[in-house]
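K.L.:
Please see the structure below; I have some questions.
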Amino acid sequence: MKESEKSVDSSTVPAVTANLEGLTLRRLDVNDAQALQWISAVTFEDTFLLTAEPRDNDDFIGEAFTLDNIKKELSDDKMLHFALIDDASQEIAAFLKVNLMGAQTEDGPEIPKNSLEIQRLYVMPRFKRHKLGSYLMQKAHDIAHEHNCEWLWLGVWQYNYAAQQFYTNWGFERFSEHVFAVGDDPQIDFLMKKKLI
């Protein structure tokens, strides 16, 4: 599979080439609900394993990632899910979820108007160091341009320093924060945004 040749009109886009050998990008649908449910739970638990109480993690996963919730999201045409699928095993190597206006997780006055939210961008551990995160970030930029969005924004956990650096390298700047409750354990997400030209 060839990496997208579409370029975004921003000087803050890193020059990277993803290793996509043996991977296929496709949009997920309701038939992928079980696979997406599993990987959503795994990546969430991996992120918060060492900081949140295990019971809080379990409670959050049990409520947020039900099969019904996943199917509802996959059926919503304002919530777009994409995954890089390993051709050999058919497992999800990396995935991206973006939300158009009307389906975003925040709608306060500080959220940029005419924006695209990047809600989830994860790469599974054995597929890391192949620039798959950058490839999916480029995909998010392309989607934003296709929908004439002026902004990209996202929330990133306060202790996920690697992700914060990744987003900063892509030109995102912190503009606010919110409390993200994992069970009874309040966590802080930093909100970051990027103006698209």
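The values are calculated or read from the model by the stated rules, or taken from the named source; none is laboratory data. Worth saying up front: this structure is predicted, and the values here are computed from it rather than measured. Here Cβ is always computed from backbone atoms with ideal geometry, including for glycine, and neighbour counts include all displayed protein chains. Heads up: the accessible areas ignore ligands, DNA and RNA and are worked out on the full protein's heavy atoms, side chains in. Shrake-Rupley method; radii C 1.70, N 1.55, O 1.52, S 1.80 Å.
K.L.:
Please report how many Lys pairs in the stretch 80-197 have alpha carbons closer than 19 angstrom, counting only residues at least 8 apart along the chain or sitting on separate chains.
P.N.:
Counting lysine pairs in the stretch 80-197 gives 14.
K.L.:
Using DSSP to call loops (not H, G, I, E or B), can you name the GluC sites (Glu not before Pro) in the stretch 137-179 whose Cβ has at most 14 other Cβ atoms within 10 angstrom? Let's see the in-between values first.
P.N.:
Values: sites: GLU146, GLU150, GLU173, GLU177; in loops: GLU150.
Here the GluC sites (Glu not before Pro) that fit, given the DSSP loop and packing criteria, are GLU150.
K.L.:
Here is a further query. Using heavy-atom solvent-accessible surface (probe 1.4 Å) with all chains present, what is the largest-first order of ASP142, ASP87, ASP77?
P.N.:
These residues rank, largest area first, as ASP77, ASP87, ASP142.
K.L.:
Also, I was wondering about something else. Do any trypsin sites (Lys or Arg not before Pro) in the stretch 81-140 lie in a loop, going by DSSP, with at most 14 other beta-carbon atoms within 10 Å of their beta carbon, and if so which?
P.N.:
For trypsin sites (Lys or Arg not before Pro) across the stretch 81-140 that sit outside H, G, I, E and B with at most 14 neighbouring Cβ atoms in 10 Å, the list reads LYS113, LYS128, ARG129.
K.L.:
Quick check: pseudo-label points 7 Å beyond the Cα along Cα→Cβ at PHE175 and LEU67, how many nm apart are they?
P.N.:
My value for the distance between the label points is 4.0 nm.
K.L.:
Then there's this: In sequence order, what are the phi-derived ³J(HN,Hα) couplings for the stretch 87-102 according to the Karplus relation 6.51 cos²θ - 1.76 cosθ + 1.60 with θ = phi - 60°, rounded to whole Hz, with x for glycine and proline?
P.N.:
Calculated HN-Hα couplings, in order: 4, 6, 9, 6, 8, 7, 8, 7, 8, 9, 10, 10, 10, 7, 4, x Hz.
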